[in-house]
Amino acid sequence: MTELKKIKRALISVSDKSGIIEFAETLRDFGVEIISTGGTARVLRERGFEVTEVSDITEFPEMMDGRVKTLHPKIHGAFLALRDNEEHLKAMDAHGIEPIDLVVVNLYPFEETVAREDVSLAEAVEQIDIGGPAMIRSASKNWTDVAVVTDARLYESVSGELKKSNGALTLETRRRLAALAYTRTASYDLMISSYLAKQLSNNDLSYLEQFNPLGNLSFIESDIEEADEETKFADSATIELVKIADLRYGENPHQRAALYETFGTRGIAQAEVLHGKGMSYNNYVDVDAAWRLVCDFDRLTCAIIKHTNPSGVGMGANNLDAYRRALATDPVSAFGGIVAFNSRVDAKAANAVNEVFTEVVLAPEFEPKALEIFKKKKNLRVLRVEKIGNADSLEYKQISGGMLAQNFDNLRIAADDLKVVSARKPTEKEITALLFAWRVCKHVKSNAIVFANEFQTVGVGAGQMNRVDSVRIAAMRAAKTELEQKNTVLASDAFFPFRDNVDEAAEFGISAIIQPGGSVRDEEVIQAADEHDLVMVFTGARHFKH
């Protein structure tokens, strides 16, 4: 079996045309014959490529609105023939089949189509790709001879190897691409199966359930029986991962690690490193926590993260003000931390950040002068990241023997959602501070306590085994930095089980408290707030973060 396989002929048929011109240019540089279909062939020709139509090879026209074009022995025989098998070679010669060495296919956008609220069943069915999965499966089965590329994100790495190996790909690369290809068709088919099953009546579901290899279909029935019932989870799920890079090590030097990206999502995994050495495993974990926090705010915000917890968060009229407020919360813990901005970073903010040793700084954009300033720090990593909105997909956490899945915590609380339970009512200034503290608290590990005013965190207590200790730690941090605690507010990610938290908070000068409520001792806790003339508001929702 030959390790390197020269790419001589490639079939390109893609729905997503992004990056395909640049990839095709690499193939052309190595004299690869390009075969294509319909819209892809047209796009390539418009950019000056010589393209052989599939119909010229099969001597059979595309028909039925393009439903039938690549399902032909001269195409699939070109994928499946084993190049070291004499019988296969004789069959190819007898039927005029020429081998194809590379298949570049991405599928009809079924997922995006059915995600639309107004999509009809007929529209969804038209986006079920037949020829694409068939080609992917045929070519992937023969990965010893054929390479299969199913995702535009792979173009850069495949092009790089072609250039390094003079137009050839290694056996290991072909095998890895085949594994990714089968993962893609598996997830695609599961999406179609789930969508079609949801269109069935309960009687049809009962029949289908008898033969379902993935288990029962009760998660689909729930959607039919009660449209407003909270969506339940599927009995089977596929997570499609594409490796971006090997990392130097994991959380500790004795652990191996790699970075993968999930199909169809955008975030920290796709961040562009503008400066600095390679990111570590821990860097990615901390940077993700920082980015999720700042993206949760609409106003200009800066967060400094240490070990996934915010050491400080600030808002301001500009990034310099926001950074200084975030830093003031805990300047000691900021050393070696992650600094995230949710808006374009200017030179003034860059100079301020450079005064403190920082591992990573990230933002959606940087002014050229700011980037120039950051580049003076050799070991500082600078990341440009696409701003994320509220995620509708699931988040997973691995446990021994399985995975946990849940929706992202996208809950936001507004002033109208607050229930004032104390005798004293909050001022507008206190409401602003309470809502700010509550949103920061969502991103702090439980048990979480945040002291804040309307512009910045004043103290953070995170990850303690009891809530009173978190209150004391937040107060201790505020005292060390000499920030004003009096008339600041307190946010708690879960209800207070006893009044001792309120008594502690009052000693530190807290004027208002925001918490979920729901404890059996709520009346006792509210009474404590009234005794200390504190404002207390309930949100009716908690923000545990483990």
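Details
- Taking a point 7 Å from the Cα of Ala423 along the Cα-to-Cβ direction, the residues of region 500-533 with backbone N closer than 13 Å to it are 526-533.
- Mean-position separation - Cα centroids, region 145-162 and region 440-499, in angstrom: 50
- Counted over all Cα-Cα pairs of the chain, pairs farther apart than 41 Å make up 39 percent.
- More than 13 Å apart - percent of Cα-Cα pairs taken over region 237-287: 62
- Neighbour cut-off at most 11 other Cβ (10 Å), DSSP loop, GluC sites (Glu not before Pro), region 28-60: Glu50, Glu59
- Ranking of Val520, Val14, Val460 by count of other Cβ atoms within 10 Å, fewest first: Val520, Val14, Val460
- A straight chain from Leu394 to Lys163 at 0.36 nm per residue would run longer than the Cα-Cα distance by 79.4 nm.
- Here region 4-193 is described by how far its Cα atoms reach on the three principal axes: 51, 36, 33 Å, from widest to narrowest.
- Within the chain, helix-based [θ] at 222 nm, where runs of 4 or more DSSP H residues each add -39,500 (n - 2.57), nearest 500: -11000 deg cm²/dmol
- Helix 522-531 axis, angle to the chain major axis (alpha carbon atoms, nearest 10°): 50
- Between 0 and 90°, nearest 10: helix 428-441 axis offset from the chain longest Cα axis: 50
- Volume of the convex hull of region 266-384 (Cα atoms only), normalised per residue: 84 Å³.
- The chymotrypsin sites (Phe, Trp or Tyr not before Pro) found in region 304-363 that occupy coil by DSSP, while having at most 15 further C-beta atoms within 10 Å, are Phe335, Phe357.
- Within region 415-538, percent of DSSP bridges classed antiparallel, to nearest 5: 60
- Stretched out straight at 0.36 nm per residue, the stretch from Glu372 to Glu482 would grow longer than its current Cα-Cα span by 36.2 nm.
- Contour excess over end-to-end distance, with Cα ends at Val119 and Lys6 and 0.36 nm allotted per residue: 36.3 nm
- Between 0 and 90 degrees, the angle of helix 281-295 with respect to the longest Cα principal axis of the chain falls at about 70 degrees.
Laboratory data are not the source of any read-out in this text; all were calculated from the coordinates shown. Owing to the predicted nature of the structure, the values given are computational and were not obtained by experimental measurement. Note: ideal-geometry Cβ built from the backbone for every residue, glycine included; neighbour counts use all protein chains shown.
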